[in-house]
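**Student:** This is the structure, below, for whatever I ask next.
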Amino acid sequence: MTAREQILGDIRKALKGAAGQPALIEAASRSSLEQLPAPTLRIPRSDRNLYADLFGQKFENLGGKCFRVRNTSAVVPAITELLTQKSVVASNSPFLRKCGITGLPQVHAGFTERDDLKEACASVDIGITSADYALAATGTLVMLASPDEARLVSLLPPSHIAIFPRSRLLANFDELLSILPRPADQTSSMVLITGPSRTADIEQRLVRGVHGPGEIFAVIVDEE
């Protein structure tokens, strides 16, 4: 007797039913599931111009630091102090190239081999990426793994800087699902980053940077 047969047998005994009833119960359950309505996505109708301010507020409440710059030419000056005397790895995002990040002397970029990227990310101070989307309601960065955005860059270095255009801001997770109802069809991994990595032991002592970067920064670019 298999484990499944044992479980179904126990259910039959509990229900005091005949041997043929479980199949009917299973069929009825499947029918009920098929009749369930589609989930309702709740996307607030609010001014999209306010998303950047809301994202920044939520992001900093979680321990991150948010910068807002006017255009791509203002990105490098905004983060120069963060990069001083630091070693950096940047993803292959075209937007980072547009912002001038990959041309900086201390920035290593253009990796195509995973082992080379892994070795670099394990030894640098900062990883710089763009972000596919950002959720204003929770201050969350949405990263879709791809050749342009390798997961290691945002997860392995002790500090992470995400630079993205304001057009990538969404209201909330429901709006994200309205755009990407089946993320697995487009990427092998979708990572949601909400604040620095943190964990707590049994005594609830909070520690940052255990499972990912202990510092995180977001740069929102108003004009692409």
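The values are calculated or read from the model by the stated rules, or taken from the named source; none is laboratory data. Bear in mind the structure is a predicted one, so any value in this text is a computation, not a measurement. Backbone-built Cβ (ideal geometry, glycine too); neighbour counts: all protein chains shown. The protein model used for the area step is the full one, side chains on, heavy atoms only, and it has no ligands, DNA or RNA in it. Shrake-Rupley method; radii C 1.70, N 1.55, O 1.52, S 1.80 Å.
**Student:** Starting from the Cα coordinates of the chain, work out the convex hull volume and express it per residue in Å³.
**Tutor:** Numbers: hull volume 45.0 nm³, N = 224.
Hull volume over Cα atoms, normalised by residue count, gives 201 Å³.
**Student:** Rank-order 147-156, 97-106, 176-185 by packing density, defined as the average count of other C-beta atoms within 10 Å over each peptide's residues, highest first. Don't skip to the end; give the middle numbers.
**Tutor:** Details: 147-156: 19.5, 97-106: 16.6, 176-185: 12.4.
Highest to lowest by the protection proxy: 147-156, 97-106, 176-185.
**Student:** Over the chain, what is the percentage of antiparallel beta bridges among all DSSP beta bridges, to the nearest 5? Let's see the in-between values first.
**Tutor:** Working: 10 of 34 bridges.
Once the DSSP bridges in the chain are tallied, antiparallel ones form about 30 percent.
**Student:** Same structure, new question: With a 1.4 Å probe and all protein chains left in place, how much accessible area per residue does the stretch 56-112 have, in Å²? Show your work: numbers first, answer last.
**Tutor:** Values: 3090 Å² over 57 residues.
Ligands and nucleic acids excluded, the figure is 54 Å² per residue.
**Student:** Once the dipole of the chain is set up with Lys and Arg at +1 and Asp and Glu at -1 on Cβ about the Cα centre, which of Ile193, Ile128, Ile161 lies farthest towards its positive end?
**Tutor:** Sorting the options by dipole projection puts first Ile193.
**Student:** Restricting to lysine pairs 8 or more places apart or on different chains, what number in the chain have Cα atoms under 23 Å apart? Let's see the in-between values first.
**Tutor:** Numbers: Lys65/Lys86; Lys65/Lys98; Lys86/Lys98; Lys86/Lys118.
Eligible lysine pairs with Cα atoms under 23 Å apart amount to 4.
**Student:** For the stretch 66-169, give the share of DSSP beta bridges that are antiparallel, in percent and rounded to the nearest 5; count only bridges with both residues there.
**Tutor:** Details: 3 of 13 bridges.
Rounded to the nearest five, the antiparallel share is 25 percent.
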